[in-house]
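*Asks:* The structure under discussion is supplied below as structure tokens; questions concerning it will follow.
Read-outs throughout are calculated quantities, based only on the coordinates presented, and are distinct from any laboratory measurement. Please read these numbers as outputs of a predicted model, since none were measured by experiment. Quick reminder, even Gly has a Cβ in these numbers, built from the backbone with ideal geometry, and neighbours come from all protein chains shown.
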Amino acid sequence: MARILSCSAQLAAGPFNATEPSTWTICGNTLHGWPRASLAWDPAGNGRTVVRLGGGIFCDLLGTRELMVAGLYMPPFYNREIISKPAFPNALSAIGTASGQLNVGILAYRPNQPYVIQAQLRVEHEFGRGIVGQIGYAGARGIHLEGQISNLDTPQPQLLPNGQMYFSAQAPLMNPAFSAISIHATAFDSVYHSLNAGLQMTLLKSLRVQSKFTWSKSIDDESIAVTSDFYANESIPTMYNLRQNRGPSDFDCPIAFATNFIYDLPRPASRLAKLVFGGWQLDGTLLAQSGNPFDPIVGFDNANLGSSTTAQGERPDLILGQPLMTGSVQQYFNPLAFSLPAAGTLGNLGRNVLRGPGLLMLNLALDRTIYKREKHSFHMRGEVFNALNHPNFQLPSGTGLFDGTGARLSGAGQITATTTSSRQIQLSARYSF
């Protein structure tokens with residue numbers, strides 16, 4: 001017989017704002033708060049299958065971090081000086097002749113409160129003794145999320161007949177008193193969907209295995225709240241069309257698989273051999289996942305957005321019919337598949353359209369407690385990190401395609417670093433008392 005194992009609902013108190021969904025009318029009664037609910041249900045009533053679902057609205061409070069970051073670049077306490085080819089090694093002596101740039105970093109006036117709508121559904125089933133599987137869905141919708149627009153102070157664009165924006169090199173900046181005005185605003189949103197599956201097994205009382213698999217998609221308008229949040233820092237080219245920046249999140253990882261195991265090695269029958277080889281335990285973790293997204297950039301201020309916005313997310317034009325990826329370390333993507341947009345315009349390439357190298361990592365450990373008493377113990381352990389010695393490459397460091405003259409860069413698409421180390425072996429012995 002089906003039965004409900006648990007059920008809960010609440011309105012969590014939070015900051016109230018006229019633009020936020022914090023006021024609710026139920027049966028004629030006005031309630032304040034952020035609604036959340038959960039349910040656990042045993043449809044068969046035998047304790048072998050459980051359906052869990054839940055959801056709610058969760059507030060992501062703006063804190064002092066956002067206020068401090070937005071106020072770092074505020075005159076007269078901050079001023080950027082550009083030094084061109086200073087004499088070595090006395091670079092500081094060139095500051096007196098440097099050209100100062102008046103920069104401002106601000107927080108949007110009366111920002112909205114960011115919040116996230118989350119929902120989950122999961123079914124768990126016991127297939128047999130020691131074997132439990134689960135499958136489910138998880139989704140989230142972020143609203144009024146905080147992000148950074150690197151520069152508002154660009155020339156005012158003209159709208160061409162084809163709908164494309166044109167920034168004239170002769171047009172003045174919106175505010176000529178400043179070279180750049182960056183802003184942290186709550187003008188962005190996101191959406192996330194995922195299929196999750198897992199399996200836990202205990203076999204022969206000596207082997208325990210736990211595995212997880214996720215197939216997901218994360219899309220947003222902006223992933224950066226603070227500069228250098230992620231390796232692929234995708235800046236927003238212009239404030240006039242934030243929707244043009246919508247694409248896979250910088251941290252989007254469509255496929256992720258992880259498993260870990262613990263195996264108690266068999267004890268030898270011989271008493272003498274048992275003293276040496278008995279009691280050892282082998283454990284390991286395996287992680288395999290797809291790479292993060294990225295895209296090539298023009299490499300210089302081809303769109304005339306302003307002198308301080310060099311390569312500010314300006315993407316090239318896509319050439320149809322050309323292969324995009326090569327997969328080699330020397331040239332991971334094909335630079336010839338992209339062309340330089342017309343001066344004063346932004347390219348038609350979308351955000352984060354390419355996918356970087358995946359990751360594969362296997363770690364193993366062998367350990368044993370040699371001696372153990374109430375107040376004393378001796379423990380030995382050997383570990384192998386990246387046991388397969390698999391090279392896990394970073395995203396290409398050469399994402400710029402052109403130099404300031406429009407000529408193609410020879411290092412475009414080149415990968416110069418890895419995300420993990422090569423195989424490493426570590427041995428340890430520990431005496432506790």
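*Asks:* Net charge near residue 214, counting Lys/Arg +1 and Asp/Glu -1 over other residues with Cβ under 15 Å of its Cβ? Show your work: numbers first, answer last.
*Replies:* On the way: positive: 122, 212, 217; negative: 252.
Neighbourhood net charge equals +2.
*Asks:* Now for a separate question. In region 207-223, which residues have a backbone nitrogen under 17 Å from the label point lying 7 Å from residue 288's Cα in the Cα-to-Cβ direction?
*Replies:* Counting only backbone N, you get 210-216.
*Asks:* Sequence neighbours fewer than 8 away in the same chain don't count; with that in mind, list the aspartates and glutamates whose C-alpha is under 19 Å from residue 217.
*Replies:* 189, 234, 250, 252, 295
*Asks:* On full extension of the chain, what length is gained from residue 380 through residue 319, given 0.36 nm per residue of separation minus the C-alpha to C-alpha distance?
*Replies:* Numbers: separation 61, 0.36 × 61 = 21.96 nm, distance 5.87 nm.
Between residue 380 and residue 319, full extension yields an extra 16.1 nm.
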